[in-house]
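I have a structure I would like to understand better, so I am pasting it below and will then ask my questions one at a time.
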Amino acid sequence: MERWICTICQYVYDPALGDPDRGIEPGTSFEALPDDWCCPLCGAGKDVFEQE
């Protein structure tokens with residue numbers, strides 16, 4: 001699975017880790033994240049993330 005990086009704050013979403021603080025299980029691909037998911041550090045939407 002590809003990692004995705006926030007172009008604003010450089011947070012990296014790693015599907016292998018998920019986002020447990022927001023109820024996203026490990027193994028969840030970036031594409032499978034809810035549309036309203038946002039960067040845990042800066043609050044930016046999925047649209048500002050790029051594949052690393």
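The values are calculated or read from the model by the stated rules, or taken from the named source; none is laboratory data. Fair warning: this is a prediction, and the values are worked out from it, not measured in the lab. Here the Cβ positions follow ideal geometry from the backbone for every residue, glycine too, while neighbour counts run over all protein chains shown. These accessible areas exclude ligands, DNA and RNA; they are computed on the full protein's heavy atoms, side chains included. Shrake-Rupley method; radii C 1.70, N 1.55, O 1.52, S 1.80 Å.
Can you give me the long-range amide H partners of GLY18? Hydrogens built in the peptide plane at 1.01 Å from N, cutoff under 5 Å, separation of 5 or more residues or another chain.
GLY27, THR28
Hey, what do the phi angles of the range 29-46 turn into as Karplus ³J(HN,Hα) couplings, whole Hz, using 6.51/-1.76/1.60 and θ = phi - 60°, x for Gly and Pro?
Values per residue, Gly and Pro as x: 5, 4, 5, 8, 5, x, 4, 8, 5, 9, 4, x, 8, 10, x, 5, x, 4 Hz.
To continue, here is another question. Given 25 °C and 0.890 mPa s, compute D for the chain with the Stokes-Einstein relation, Rh being the Kirkwood radius over Cα pairs; round to the nearest whole µm²/s.
Numbers: Rh = 10.7 Å.
Translational diffusion coefficient: 229 µm²/s.
Compute the label zone of ILE8 within the range 18-52: residues whose backbone N is under 15 Å from the point 7 Å along Cα-to-Cβ.
Inside the label zone: 36-50.
Further, regarding this structure: Tell me the carbon and sulfur percent of the accessible area for the chain, rounded to whole percent, probe radius 1.4 Å. Show your work: numbers first, answer last.
Numbers: 1590 of 3260 Å².
The computed percentage sits at 49.
Solvent-accessible area per residue for the range 7-51 at a 1.4 Å probe radius, Å²? Before the final figure, lay out the partial values.
Numbers: 2740 Å² over 45 residues.
Per-residue accessible area for the range 7-51 comes out at 61 Å².
Can I ask one more? ³J(HN,Hα) across the range 47-52 via Karplus (A = 6.51, B = -1.76, C = 1.60, θ = phi - 60°), whole Hz, x for Gly/Pro?
Calculated HN-Hα couplings, in order: 5, 9, 8, 10, 5, 7 Hz.
Ok, one more. Provide the solvent-accessible area of ARG22, counting protein heavy atoms only and rolling a 1.4 Å probe, rounded to the nearest 10 Å².
110 Å²
If you put +1 on each Lys and Arg Cβ and -1 on each Asp and Glu Cβ, how big is the dipole of the chain around its Cα centre, in Debye rounded to 20? Walk me through the numbers on the way to the answer.
Numbers: 3 positive and 11 negative charges, 24 e Å.
Roughly 120 debye, rounded to the nearest 20.
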